[in-house]
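Here the structure comes first, spelled out in structure tokens, and everything after it is commentary.
The values are calculated or read from the model by the stated rules, or taken from the named source; none is laboratory data. All values reported here derive from a predicted model rather than from experimental measurement. Using ideal geometry, Cβ is built from the backbone for each residue, glycine included, and neighbour counts are taken over all protein chains shown.
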Amino acid sequence: MATFESGGLPLAYDDIGGPGEGRPIILVHGFTSNRKENWQRLGWYGAFERRRIRMIAMDCRGHGESAKPHDSARYGRENMAGDILALMDHLDIERAHIMGFSMGSRLALAAALKAPHRFATLTLGGAGEKLFEKREMADNPMADAMEAVDPETITEPMLKSFRQFADDQGEDRLALAALTRAKDEPFTKEELAKLDVPVLVVAGARDELAGDPEGLAKVFPDGRAVTLPGCDHFSAIPHALFKATVFDFLDGTLA
């Protein structure tokens, strides 16, 4: 396991393929997941290796083999997007492609907004127009689900599925709860409209967490959307059409 330090925290990553030719791609996983589950087990490592594309996948803070602080102030998009750029600096990568899924899409987008000159393309998986929605609830049901002593007390199916997935992965539930308590404002269409980077948005047709990918893609100056038929939020990640769409998008831009 390789590590680097960002904001005083040790974070884990894989660098597959070495310097190679062309620009590498950075992969950023979703909430309650990690680099091994989100990308390696579901076939993405092998897919990039077969294409001879250098691939760097990190464990976000609070996940996997990275540091897991229980203080919500250590999270937030600003800190976690900064981790992506710190990893690129650590590896002396000036410019890369970047792809995220769900939470990872938000972080990838935040990094691209922070330093657009450092990214050749941006792929947002498990994302859509709900990216612009503001959470109006005063409480935090996701944090409550992560902190519940007995997962059987969680009645909302989506919350229960995230909790079960976190338990299955052996994740630190208190760290995940702290992450959800970080106060981030929604992205605005105005800031996204200024991002002059080719953007691909991919979501399942039944992904209620993401919403319509077309509604997000059309905000970018150079955005395009693909809807995966029959897929929900979780079944989209390993889908062959998702991989094919990503490689179609990247073709011709890796030099």
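Which residues, counting only those in segment 193-214, are more than 24 Å from residue 251 (Cα to Cα), in contact with a helix residue (DSSP H, G or I) (Cβ under 8 Å, 6 or more places away or on another chain) and not charged (D, E, K, R)?
Selection gives 209, 210, 211.
Can you pull out every residue in segment 226-253 that is under 23 Å from residue 119 (Cβ atoms) and touching a residue at least 60 places away in the same chain (Cβ under 8 Å)?
236, 237, 242, 243, 246, 247, 249, 250, 253
Looking only at segment 88-108, which residues are under 18 Å from residue 191 (Cα atoms) and touching a Lys or Arg at 6+ places or on another chain (Cβ under 9 Å)?
Result: 106, 107.
Looking only at segment 47-77, filter to residues that are touching a residue at least 40 places away in the same chain (Cβ under 8 Å) and acidic (Asp, Glu); which one of those is surrounded by the most Cβ atoms within 10 Å (Cβ to Cβ)?
For segment 47-77, the residue satisfying everything is 59.
Somewhere in segment 207-223, is a residue more than 19 Å from residue 101 (Cα to Cα) and at pLDDT below 95?
Within segment 207-223, not a single residue is more than 19 Å from residue 101 (Cα to Cα) and at pLDDT below 95.
Being of a type in the set (A, V, I, L, M, F, W, C) and under 18 Å from the mean Cα position of the chain (by Cα) is the filter here, so list the residues in segment 196-218 that pass it.
Within segment 196-218, 197, 199, 200, 201, 202, 203, 209, 210, 216, 217 meet the criteria.
Please work out which residue is surrounded by the fewest Cβ atoms within 10 Å (Cβ to Cβ), limiting yourself to segment 108-143 and to residues that are without any contact (Cβ under 8 Å) to a residue 24 or more places away in the chain and acidic (Asp, Glu).
In this case the residue turns out to be 136.
Somewhere in segment 25-46, is a residue without any contact (Cβ under 8 Å) to a residue 12 or more places away in the chain and either assigned to a helix (DSSP H, G or I) or closer than 21 Å to residue 249 by Cα (or both)?
Yes: segment 25-46 contains one or more residues that are without any contact (Cβ under 8 Å) to a residue 12 or more places away in the chain and either assigned to a helix (DSSP H, G or I) or closer than 21 Å to residue 249 by Cα (or both).
Do we find a residue being among the β-branched types (Val, Ile, Thr), surrounded by fewer than 24 Cβ atoms within 10 Å (Cβ to Cβ) and in a loop (DSSP other than H, G, I, E, B) anywhere in segment 93-105?
Yes, because at least one residue in segment 93-105 is among the β-branched types (Val, Ile, Thr), surrounded by fewer than 24 Cβ atoms within 10 Å (Cβ to Cβ) and in a loop (DSSP other than H, G, I, E, B).
Kindly indicate which of 12, 57 is modelled with pLDDT of 95 or more, touching a His at 6+ places or on another chain (Cβ under 8 Å), not in a loop (DSSP other than H, G, I, E, B) and not β-branched (Val, Ile, Thr).
The conditions single out 57.
Going through segment 218-231 one residue at a time, which ones are surrounded by 17 or more Cβ atoms within 10 Å (Cβ to Cβ) and either out of contact with any helix residue (DSSP H, G or I) (no Cβ under 8 Å at 6 or more places or on another chain) or part of a loop (DSSP other than H, G, I, E, B) (or both)?
219, 220, 231
Can you list the helices (runs of 4 or more DSSP H) lying wholly within segment 144-217 that have 3 or more residues being surrounded by 13 or more Cβ atoms within 10 Å (Cβ to Cβ)?
Of the helices (runs of 4 or more DSSP H) lying wholly inside segment 144-217, those with at least 3 residues that are surrounded by 13 or more Cβ atoms within 10 Å (Cβ to Cβ) span 157-169, 173-180, 213-217.
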